[in-house]
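Read-outs: derived from the displayed coordinates by stated rules, not from any lab. All figures in this text were calculated on a predicted structure; none of them were measured in a lab. Heads up, the Cβs are rebuilt from the backbone with ideal geometry, glycines too, and the neighbour counts pull from every protein chain shown.
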Amino acid sequence: MTILVTGSAGHLGEALMRRLGGAGKPVRGIDLKPSPFTDAVGSIGDRSFVGAQMKGVRAVLHTATLHKPHVCTHSRQDFVDTDVSGTLTLLEAAVAAGVGAFVFTSTTSAFGAALTPADGEPAAWVTEAVVPVPKNIYGVTKLAAESLGELFHRQTGLPVVVLRTSRFFPEADDDPAMRVHYTAENLQANELLNRRVDMADVVEAHLLAAERAPALGFARYIISATTPFAPDDLAELRRNAAAVVGRRFPEAAALYARRNWRLPTQIDRVYVNHAARDELGWKPRYDFAHVLAALEAGGDLRSPLACAVGAKGYHDRAFQEGPYPVA
């Protein structure tokens, strides 16, 4: 039976379509935008469209969403319509079609203000037990959609797995201070220490979640590269992150110097993926150790899949002050 991928024209949707199609799996991609990886163009809020696309589907990988970069260009109602109402439509259609697994792509941005310690406090150690404090409509609607999935599992038995993914976009950072001090590649390499994940690893987490969903029932996992840090590092990470990195990876400074890169000076959060590795059997490959090995060998830091998908952007127009406007 078929796997349905929503948002097939987006970064993750295309990556899933490439991975499943390359493995010879029956897969169907839907999106508002036409693309080489979109089999049917339509809205996830359109009940008749969704119902027709759900026929013969055994698992749904729901990646379609409005993202944080859309907060300044789309209304709150747009976010509710896509991220909440669209998810509700998909869940109802999945139950009606007898789908066996529903995987919802959420975000670590849902943690919101819980990710930012007060001045002088240690970095935050972020596990699934941290209570989210959403900072914008994106976080609010993602949390609402997660709750809908949990409700549907309780009321209908539909197996639902929520994956809170950390950063995997290849675009430049929206923070102008970061763009001044780090190249995009340097910054994204640093982020694999604590708040980034490679596209290929995200894809594997989704496929494992679809496979394990019937046994799990309902579950929620953080999907981020395995951090080299431990809770004992958190206070120093906030004061002198480069020193902590240097102890863990003595070769890092010299390898970075070859490219005129900079190690992070301060880290304010660490995403912890223990639960996903333990319960899904997820084995992310692209971490900071991989970065250093790639620097040594002169290879690409990203997976071949991430390179193939490339950068798509989030808007149909360019902005003068960065990759997208920020509230």
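Which one, 225, 176, 77, projects farthest toward the positive side of the charge dipole computed for the chain from Cβ point charges (K/R +1, D/E -1)?
Farthest towards the positive pole: 225.
Treating cross-link reach as a plain straight distance, find the lysines whose alpha-carbon is under 19 Å from the alpha-carbon of residue 135, omitting any fewer than eight places away in the same chain.
68
For the chain, what relative contact order do you get, as a whole percent, if you take Cα pairs closer than 8 Å and at least 6 residues apart?
Numbers: 609 pairs, mean separation 61.5, N = 327.
So the answer I get is 19 percent.
I need the per residue convex hull volume for region 2-309, using only the alpha carbons, in cubic angstrom as a whole number. Don't skip to the answer; put the middle values down first.
Details: hull volume 39.9 nm³, N = 308.
Spelled out: Cα convex hull of region 2-309, divided by residues, is 129 Å³.
Gain in length, residue 75 to residue 156, computed as 0.36 nm per residue apart minus the alpha-carbon separation, to one decimal in nm?
26.0 nm
In the chain, what percentage of the DSSP-assigned beta bridges are antiparallel, given to the nearest 5?
5 percent
Run a plain Debye calculation on region 259-301 (Cα atoms as equal point scatterers, no solvent) and give log10 I(q)/I(0) at q = 0.18, 0.22, 0.28, 0.30 Å⁻¹, rounded to two decimals, same order as the q list.
After summing over all Cα pairs, the log10 values are -0.76, -0.92, -1.01, -1.04.
Could you check the simple spin-label distance between residue 232 and residue 183, using points 7 Å along Cα→Cβ, in nm with one decimal?
Calculated label separation equals 3.6 nm.
Excluding residues fewer than 8 places away in the same chain, name every one of the lysines whose C-alpha is closer than 22 Å to that of residue 25.
Those lysines meeting the cut-off are 55, 283.
For a label point 7 angstrom out from the Cα of residue 297 toward its Cβ, which stretches of region 235-266 have the backbone nitrogen within less than 20 Å?
249-259
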